[in-house]
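Report on the structure given below.
The values are calculated or read from the model by the stated rules, or taken from the named source; none is laboratory data. Note that the structure is predicted; figures quoted are calculated from it, not measured. Positions of Cβ are backbone-derived with ideal geometry, glycine not excepted, and every protein chain shown enters the neighbour counts.
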Amino acid sequence: MSVKPLYAAIALALSFSVMAQDEHGHDEKEDTHKEEGKHEQGEHKESPGVELSSKQLSMADITTRTLQTQVIEYPVYAPGEVVANDFNSYIVSPRIDSTVLKRFVSIGDHVEKGEPLATLFSATMAEAQSQYLVTLNEWQRVQSLGESTVGEKRFVEAKNAFTSAQAQLKAFGMSASDIKRLSKADYPIGEYQLTSEIGGIVVSDNFKQGQQVNAGNHLVEVLQEETLWVNARLPGSADLNVQFGDPVTVSVDNQRFAAKVIQEGHTIDHKTRTRTVRLAVNNEKDQLHPGLFADVYFSVKSDGPVLAVKDSALMRASDGDWQIFIEHEPGKFEPKKVELVDEKGPWKVIRGVKEGTEYVDNGAFFVRSQIAKGGFDPHNH
């Protein structure tokens, strides 16, 4: 046999062998790559849900609720201020120019109706008192003589003059009891007392002894604090329909008080751009005082039935979407993405899930963390 044909046969056999090895090696690499891809996908694939034991449910205080449409009630916040009840407060002022001779009360004192607050002197009052005494004497004289003796005209004139002089003293601020004492010889002409028109507490006393005061000056303010007002300020654009008598919660210094709506402002303050809703709050225990700031919470209902869950049930998914956790079987939970439609205080109105679904109402954070860990219990329970 010739050498050349032998070499040619060997070369041909070798070429087939290399082709076979190349083909086999290429297939192995593809298979290896596919297997690695499958393994990598398996490592990054998240668990669709988690099953929790009864011990875990109890430990995390997980509770569920059936999702259903309902009219929800939620609070609407507004800042407020405690103010005096204008129907239960009284500002005492002199009605004529006077001089303060003596004061009897100061801030914080409790006074009764008719109790003296200060003694004042006025030349105008002295003149009016003198005129009153003249008319009183004439009226007493004609009364003793009788109408038939003095004549009808003099009788009527004496009566009218006395009545007018008495009315002038009352108009100047003299009390009925002091007017009766005026006819006594020891009564100091020109003096009179400011008295409290109501029983309550003195909340301001803007005067000093010896001070000259003009008619209308505010000297003393007396307030009954059993019932106070709270002025709540709502944004002018707030669509809050409140009615007379609606219950409201007022919080002052972490203490809560029941109040009710008594008046709603229909104009917008041009400076603050707010409207005022006035509330009445019971203050029998004397815990509130005018000037205190308050947090006001109106109780509002949705316009109609809605699908809503509490804050604690709504969580963010890893991609940023909202989700709740539904329970198909006892202890088995899986996430369900939903759309947040509206926020009503602690309630979140959602859609994307059917009514009647059983969902995690409390403990959703724990469920989410367990799903993220593939159901691993950090306490090894």
Sole residue being part of a strand (DSSP E or B), among the basic types (Lys, Arg) and farther than 22 Å from Glu73 by Cα, chosen from Arg256, Arg275
Arg275
Please state which one of Gln140, Gln193, Gln129 is assigned to a helix (DSSP H, G or I), among the polar types (S, T, N, Q) and buried (at least 18 other Cβ atoms within 10 Å of the Cβ).
Gln129
Subset tally (residues that are acidic (Asp, Glu) and assigned to a strand (DSSP E or B)) for the range 55-100:
2
Within the range 102-118, the count of residues that are surrounded by 16 or more Cβ atoms within 10 Å (Cβ to Cβ) and either assigned to a strand (DSSP E or B) or out of contact with any strand residue (DSSP E or B) (no Cβ under 7 Å at 6 or more places or on another chain) (or both) comes to 5
Look through the range 151-187, keep the residues that are β-branched (Val, Ile, Thr) and surrounded by fewer than 17 Cβ atoms within 10 Å (Cβ to Cβ), and return whichever of them is nearest to Gly114 (Cα to Cα).
Thr163
Can you spot a residue in the range 290-302 that is over 23 Å from the mean Cα position of the chain (by Cα), within 19 Å of Leu67 (Cβ to Cβ) and surrounded by fewer than 19 Cβ atoms within 10 Å (Cβ to Cβ)?
no
Restrict the check to the range 147-157 and report whether at least one residue is touching a Phe, Trp or Tyr at 6+ places or on another chain (Cβ under 8 Å), within 30 Å of Asp269 (Cα to Cα) and charged (D, E, K, R).
no
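To keep it simple, each residue is scored yes or no on (1) assigned to a strand (DSSP E or B); (2) free of Cβ contacts under 8 Å to residues at least 12 places away in the same chain; (3) not assigned by TED's automatic domain parsing to the domain that holds Val261.
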| position | (1), (2), (3) |
| --- | --- |
| Ala294 | yes, no, no |
| Tyr297 | yes, no, no |
| Val309 | yes, no, yes |
| Glu327 | yes, no, yes |
| Lys337 | yes, no, yes |
| Glu343 | yes, yes, yes |
| Val353 | no, no, yes |
| Asp361 | yes, no, yes |
| Val367 | no, no, yes |
